Amino acid sequence: MSKKLPFFKKKTEEQLQDEFELSSIPEHVAIIMDGNGRWAKKKGLPRVAGHKEGMDVVRNTVKAAVNFDIKILTLFAFSTENWKRPKSEIEFIMRLPKEFIHKYLPELMENNVRIETIGDFNTLPLHTKEAIQYAKEQTKNNDGLLLNFALNYGSRYEIMRAIKLIISDADHSKISLDDLDEDTFSEYLYTTGLTDPDLLIRTSGEMRLSNFLLWQLAYSEFWFTDVLWPDFNDDIFKQALLDYQNRKRRYGGI
Ligand code: V07
């Protein structure tokens, strides 16, 4: 925790803004990567061009997260609601994991990044699953950044699924309801073993959670920007981290 400074040494907002403390980097950052379709429309391009650009921004963001020494980066890549989109758009999006892995797996390995996913993996197209399974296998021993993709993910479904698993375990005497507490409940979620996000970032000006990590975000800081995901970059990421640190400092100092 930061020590309280004497009042005459109190730093101005501006000074605080300029300083980047490597000591209080959020351990787990979650991002809702919104605005890809809108970015494309603005440029007179098809929606899928925005998704493709968004994929390359994922790569840049991962590099930045590695440099910032963030431990876990959870990215909302595809929600359970996204199946309502046109079939052609879904087919395009479902080819992105393979393309990403083909293009970037070597540098992910160099950067010691481990790939994981949360969400209902089984109902994804086979070619998508195979590509991701390969990347998980290749990166499983990396102990740097955990790059965690939320794919076919919905938080209410996740919570309901946890309840069903708990009831099933109770029926098989693997858990006693007397032992069920918040920590135990968390173990039944997709995010088993992960710390809760310290910071949630959502791009594109929407201020909603959209069924993302409802349980896990209970105590997280939220940071919103109007910037569309394909325009997200290191500077904006850094601003989010600075704002996070300044918020922590403000209420840490009381
Ligand atoms: C997707 C690009 C980012 C903007 C948001 C929607 C589109 C990277 C992946 C990915 C997933 C798993 C994996 C490696 C890469 C991805 C989907 C969509 C479905 F192991 N970007 N990206 N997956 N978009």
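A few remarks follow.
- Condition check for Asp235 on (1) surrounded by 13 or more Cβ atoms within 10 Å (Cβ to Cβ); (2) assigned by TED's automatic domain parsing to the domain that holds Ala40; (3) out of contact with any helix residue (DSSP H, G or I) (no Cβ under 8 Å at 6 or more places or on another chain); (4) of a type outside the set (A, V, I, L, M): one failure, at (1).
- The one condition from (1) open to solvent by less than 30 Å² (accessible area, probe 1.4 Å); (2) at pLDDT below 95 that Ile166 does not meet is (2).
- Test set (1) open to solvent by 20 Å² or more (accessible area, probe 1.4 Å); (2) touching a residue at least 40 places away in the same chain (Cβ under 8 Å) - Leu147 fails condition number: (1)
- Residues that are assigned to a helix (DSSP H, G or I), more than 30 Å from Ser24 (Cβ to Cβ) and more than 9 Å from the ligand (Cβ to nearest atom) occur at least once in the range 119-127.
- Per-region count, the range 44-76, residues part of a strand (DSSP E or B) and in contact with a helix residue (DSSP H, G or I) (Cβ under 8 Å, 6 or more places away or on another chain): 2
- Selection count where residues are more than 9 Å from the ligand (Cβ to nearest atom) and in contact (Cβ under 8 Å) with a residue 60 or more places away in the chain, scope the range 58-82: 15
- Selected residue (criterion: surrounded by the fewest Cβ atoms within 10 Å (Cβ to Cβ)) from residues of the range 182-199 that are touching an Asp or Glu at 6+ places or on another chain (Cβ under 7 Å) and within 20 Å of Leu241 (Cα to Cα): Thr195
The values are calculated or read from the model by the stated rules, or taken from the named source; none is laboratory data. For clarity, every value in this text was computed on a predicted model and none was experimentally measured. When we count neighbours, we look across all protein chains shown, and the Cβ atoms used for this are built from the backbone with ideal geometry, even at glycine. With ligands, DNA and RNA removed, areas are computed over all heavy atoms of the protein, side chains included. Shrake-Rupley method; radii C 1.70, N 1.55, O 1.52, S 1.80 Å.
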